[in-house]
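Take a look at the structure set out below.
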Amino acid sequence: MDLKIVDNYSKMSEMAANIVAGLMQSKKDAVLGLATGSTPEGMYARLVEMYRQGKIDFNSVVTFNLDEYVGLAPDHPQSYHQYMKKNLFDHVNIKPSNTSIPHCSGNDNPGEVCAEFETKIKQAGGIDLQVLGIGVNGHIGFNEPASHLRTTTHLVELAEETIKANSRFFESVDKVPRKAITMGMGSIMGAKKVLLLASGENKAEAVRDSFSGFISTETPASLLQLHRDVLVVVDQEAASLIKSSFL
Ligand code: F6R
């Protein structure tokens with residue numbers, strides 16, 4: 001595992017965008033695993049900028065998103081479908097048919113949705129680069145702290161901490177969906193390279209617990225320490241509880 005501490009959110013976003021762009025330049029049909037949330041917004045803005053400058057091309061790029069709330073229609077303003085359109089897809093030449101976000105309406109069979117999603121990742125040849133944020137409780141995707149974690153894409157009950165953290169995007173905490181579909185730990189660990197981003201003081205404990213040399217399913221991101229090609233890019237605030245002896 002490689003850990004880079006950068007000055008601030010802007011530097012973190014710049015480094016992340018350069019890594020994604022570098023892959024896209026060396027592999028035109030790169031398969032990207034994408035995250036939503038506040039953390040990667042700056043990275044997406046820079047990727048859009050690079051696309052406008054002609055430095056990168058999304059024509060053959062394939063993407064898989066980590067997760068989506070259950071029961072939100074794809075056109076719901078708080079859905080991750082809309083997030084991806086707003087932050088990236090509407091601004092670049094990606095083919096909609098090359099993008100996959102798990103979607104489960106109230107009527108779909110979650111098991112079938114999850115199995116189809118896993119099959120699609122396999123058919124694409126696996127994920128080249130998985131971008132991740134981290135929850136305040138150490139979750140990645142929506143793999144919440146628990147005594148057992150699931151390997152493949154699955155239906156999950158969101159942790160209270162996650163519902164509270166994500167309520168900032170909704171009118172009120174009651175409007176936050178209670179369930180989501182998320183890639184599992186195996187789907188994430190199967191990526192050839194993982195790039196985890198964290199910014200801000202509220203992520204400091206999760207970063208410390210995840211990357212200090214111990215692993216626990218109660219801190220899902222800590223399992224990434226077992227992956228052979230992980231880069232963690234954090235800003236000074238998110239790194240503030242990491243002791244220098246861990247580095
Ligand atoms: C989002 C996702 C989540 C977020 C995490 C951090 O697709 O999978 O794990 O990365 O909750 O969210 P932010 O970046 O909003 O703090």
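The values are calculated or read from the model by the stated rules, or taken from the named source; none is laboratory data. None of these values were measured; they are calculated from a predicted model. Here the Cβ positions follow ideal geometry from the backbone for every residue, glycine too, while neighbour counts run over all protein chains shown.
Here the range 56-77 is the region considered, the condition is being polar (S, T, N, Q) and within 18 Å of Asn93 (Cβ to Cβ), and the residue that is surrounded by the fewest Cβ atoms within 10 Å (Cβ to Cβ) is Asn59.
Checked against the criteria, Glu237 does not count as assigned to a loop (DSSP other than H, G, I, E, B) and either surrounded by fewer than 16 Cβ atoms within 10 Å (Cβ to Cβ) or under 15 Å from the mean Cα position of the chain (by Cα) (or both). So Cys114 ticks every box in (1) closer than 26 Å to Arg46 by Cβ; (2) of a type outside the set (D, E, K, R); (3) away from the ligand (no atom under 13 Å from the Cβ) but one. Which box is left unticked? Going through (1) closer than 26 Å to Arg46 by Cβ; (2) of a type outside the set (D, E, K, R); (3) away from the ligand (no atom under 13 Å from the Cβ) one by one, Cys114 breaks only (1). Scanning the range 27-65 for residues that are of a type in the set (S, T, N, Q) and more than 11 Å from the ligand (Cβ to nearest atom) turns up Gln53, Asn59, Ser60, Thr63.
In the range 203-220, the residues that are surrounded by fewer than 19 Cβ atoms within 10 Å (Cβ to Cβ) and of a type in the set (Ser, Thr, Tyr) reach residues that are at pLDDT 95 or above and assigned to a loop (DSSP other than H, G, I, E, B) with C-beta atoms within less than 7 angstrom, at least six apart or across chains, in these pairs: Thr217/Ala146; Thr217/Ser147; Thr217/His148; Thr217/Leu149. Restricting the first member to the range 120-132 and to residues that are farther than 20 Å from Pro220 by Cβ, and the second to residues that are part of a strand (DSSP E or B) and among the aliphatic types (A, V, I, L, M), the beta-carbon pairs closer than 6 Å and six or more apart or on different chains are Ala124/Val31; Ala124/Val62; Asp128/Val31. Under 8 Å between Cβ atoms, which residue pairs at least 6 apart in sequence (or on different chains) link something in the range 159-175 that is closer than 13 Å to Val136 by Cβ with a partner that is among the polar types (S, T, N, Q)? Close Cβ pairs satisfying both conditions: Ala159/Asn137; Glu161/Asn137; Thr162/Asn137. Residues in the range 215-242 that are modelled with pLDDT under 95 and more than 25 Å from Glu14 (Cα to Cα): 0 in all. Quickly run through the range 180-202 and pick out the residues that are away from the ligand (no atom under 13 Å from the Cβ), surrounded by 15 or more Cβ atoms within 10 Å (Cβ to Cβ) and either in a strand (DSSP E or B) or not aliphatic (A, V, I, L, M) (or both). Once the filter is applied, which keeps residues that are away from the ligand (no atom under 13 Å from the Cβ), surrounded by 15 or more Cβ atoms within 10 Å (Cβ to Cβ) and either in a strand (DSSP E or B) or not aliphatic (A, V, I, L, M) (or both), the range 180-202 yields Gly190, Lys192, Lys193.
Considering Ser97, Ser105, Ser79, the condition of being over 28 Å from Gly138 (Cα atoms) and either out of contact with any strand residue (DSSP E or B) (no Cβ under 6 Å at 6 or more places or on another chain) or within 16 Å of the ligand (Cβ to nearest atom) (or both) is satisfied by Ser97 alone.
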